[in-house]
Amino acid sequence: MTSIWSFPTRVIFGQGAAQELGSEAKRLGAKHALLVSDPGVAGAGILDGISESLQAAGLGVTRYTDVSGNPLEAEVLGATDAYRDSGADLIVGVGGGSALDVAKLVRVLATHPPPLAQYDDAKGGDALITEDVPPMIALPTTAGTGSEVGRSGVVTIEATNKKTVIFAPKLMPNVAILDPMLTVSLPPRATAATGFDALTHCIEAYCAKGHHPMADAIALEGVRLVVAHIETAVHDGKDLKARGAMLEAAMMGATAFQKGLGACHSLAHPLSAETGMHHGLANALCLPAVLDFNRQAVPERIAAIARILGARGDDVETLAFECSGAVKALRRKLGLPDGLAAEGISEDDLPRLAELAILDACHAMNPRECVAEDMLALFRASL
Ligand SMILES: NC(=O)c1ccc[n+]([C@@H]2O[C@H](COP(=O)([O-])OP(=O)(O)OC[C@H]3O[C@@H](n4cnc5c(N)ncnc54)[C@H](O)[C@@H]3O)[C@@H](O)[C@H]2O)c1
Ligand SMILES: [Fe+2]
């Protein structure tokens with residue numbers, strides 16, 4: 001069997017890296033940029049410096065800032081109209097995964113017809129993304145999704161209320177600019193929740209089925225970076241070293257999950273689509289149960305993660321057993337809740353959530369096969 005391994009994004013990393021935006025835009029031959037962002041990022045004052053860098057390089061700038069957390073198809077359509085009406089030839093995504101994903105999906109609709117549902121990766125929609133798409137530069141303001149180096153955009157389709165993953169290699173941004181200063185204003189709880197998304201990407205990718213030694217190595221180093229820096233990033237948000245390391249970990253998580261994700265993301269997706277829960281928080285609350293479930297399938301891998309998390313044990317079995325507890329301890333240190341009940345989820349909600357979780361595509365790469373009853377049991381164990 002053959003495998004495909006690719007790591008092609010141009011990444012510019014470092015304090016003040018956002019100032020390179022104008023020259024990168026020029027390098028791509030652009031004359032007018034559509035900035036895609038959200039009200040929280042705009043309110044944090046991040047967009048002014050971004051616009052100035054583009055204008056100083058001679059580009060026109062139009063802003064679309066109506067993206068919501070867990071973005072909707074309507075927002076992609078609105079931003080695509082703004083792209084066309086402004087005559088833009090470059091898309092600059094500035095924000096967390098929500099803004100970056102909308103920016104990526106504007107690229108699809110700029111050269112492909114709506115509706116977005118037809119491009120659903122779970123239904124083979126990637127085969128329809130055949131035309132070239134406009135260039136994009138991504139500037140993450142959270143350290144979590146790694147969407148800045150990823151090939152997918154996630155959007156909730158209103159008709160099905162399903163978080164739908166649209167995947168195509170053409171969606172990978174041309175350039176990702178990782179500037180820790182852009183993440184300094186992210187509040188502690190959002191830093192913890194988005195950081196847990198990065199951690200979950202690394203852990204699920206490392207445990208996923210498939211052969212990908214490069215992704216495995218990147219995932220393990222991503223776990224190490226999160227474990228070393230997330231507490232500082234949460235409790236001392238101005239620490240640029242910790243903020244930078246978290247951006248690196250987020251980028252590495254998304255690079256690694258080209259190998260695949262797992263059951264935790266399948267549990268997290270309906271939690272966000274049905275209840276609006278933040279994606280990273282949903283992962284944080286479900287991850288320990290998934291680690292326990294997967295222990296029998298990949299004990300060595302879960303033991304390796306436990307070791308990085310600082311769990312004690314002399315043998316694989318003990319370490320693998322301790323892993324979920326180590327994740328729970330980290331979650332607690334970051335001030336995140338202990339379970340889904342604390343976020344208003346009740347036993348009555350679980351059967352419907354489990355039905356949706358089994359329909360999600362991510363668990364196809366989980367190291368242990370899951371059926372609908374497993375999803376229900378995993379939600380119960382996460383309550
Ligand atoms: N494309 C992918 O591969 C991928 C992977 C995982 C998740 N996702 C998607 O990404 C989305 C979640 O992204 P996210 O976790 O980055 O959160 P987000 O983009 O929804 O942002 C969360 C909140 O933080 C605010 N915010 C962001 N940066 C800030 C800053 N620097 N200062 C102050 N406030 C700031 C935003 O305004 C928003 O209110 C979900 O829709 C999820 O499905 C995509
Ligand atoms: Fe994620």
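Brief remarks follow.
- Pairs linking a residue in region 215-231 that is in the same structural domain as Ala256 (by TED's automatic domain parsing) to a residue that is acidic (Asp, Glu) and in a helix (DSSP H, G or I), with Cβ atoms under 8 Å and 6 or more positions apart or on different chains, are Gly222/Glu248; Leu225/Glu248.
- Selection status of Arg107, surrounded by fewer than 19 Cβ atoms within 10 Å (Cβ to Cβ) and assigned to a helix (DSSP H, G or I): no
- Residues (farther than 24 Å from Phe7 by Cα and surrounded by 24 or more Cβ atoms within 10 Å (Cβ to Cβ)) located in region 243-277: Ala263, Cys264, Ser266, Leu267, Ala268, His269, Pro270, Leu271
- Set side by side, the residues Pro270, Pro299, Pro288 differ, and just one is free of Cβ contacts under 8 Å to residues at least 60 places away in the same chain, more than 18 Å from Gly144 (Cβ to Cβ), of a type outside the set (Phe, Trp, Tyr) and touching a helix residue (DSSP H, G or I) at 6+ places or on another chain (Cβ under 7 Å), which is Pro299.
- Boolean, Gly124 is modelled with pLDDT under 95 and surrounded by fewer than 21 Cβ atoms within 10 Å (Cβ to Cβ): yes
- Restricting Ala250, Ala192, Ala198, Ala219 to residues that are within 16 Å of ligand 2 (Cβ to nearest atom) and over 25 Å from Ser37 (Cα atoms) narrows the list to Ala219.
- Extreme residue, nearest to Ser86 (Cα to Cα), among residues of region 127-148 that are buried (at least 24 other Cβ atoms within 10 Å of the Cβ) and either over 20 Å from the mean Cα position of the chain (by Cα) or among the hydrophobic types (A, V, I, L, M, F, W, C) (or both): Met136
- For region 1-97, the strands (runs of 3 or more DSSP E) that sit wholly inside it and include 2 or more residues that are within 16 Å of ligand 1 (Cβ to nearest atom) and closer than 20 Å to Val149 by Cα are 32-36, 90-95.
- Hits in region 278-295 (condition: more than 21 Å from Ala342 (Cβ to Cβ) and crowded, with 24+ Cβ neighbours inside 10 Å): Asn294
- If only residues of region 173-189 that are of a type in the set (A, V, I, L, M) and crowded, with 21+ Cβ neighbours inside 10 Å are counted, the one that is nearest to ligand 1 (Cβ to nearest atom) is Leu186.
- Val36 satisfies every condition listed in (1) free of Cβ contacts under 8 Å to residues at least 40 places away in the same chain; (2) touching a strand residue (DSSP E or B) at 6+ places or on another chain (Cβ under 8 Å); (3) not acidic (Asp, Glu) except (1).
- Residue match in region 154-163 (condition: away from ligand 1 (no atom under 14 Å from the Cβ) and over 28 Å from Leu356 (Cβ atoms)): no
The values are calculated or read from the model by the stated rules, or taken from the named source; none is laboratory data. Owing to the predicted nature of the structure, the values given are computational and were not obtained by experimental measurement. Note that we place each Cβ from the backbone using ideal geometry, even for glycine, and neighbour counts take in every protein chain shown.
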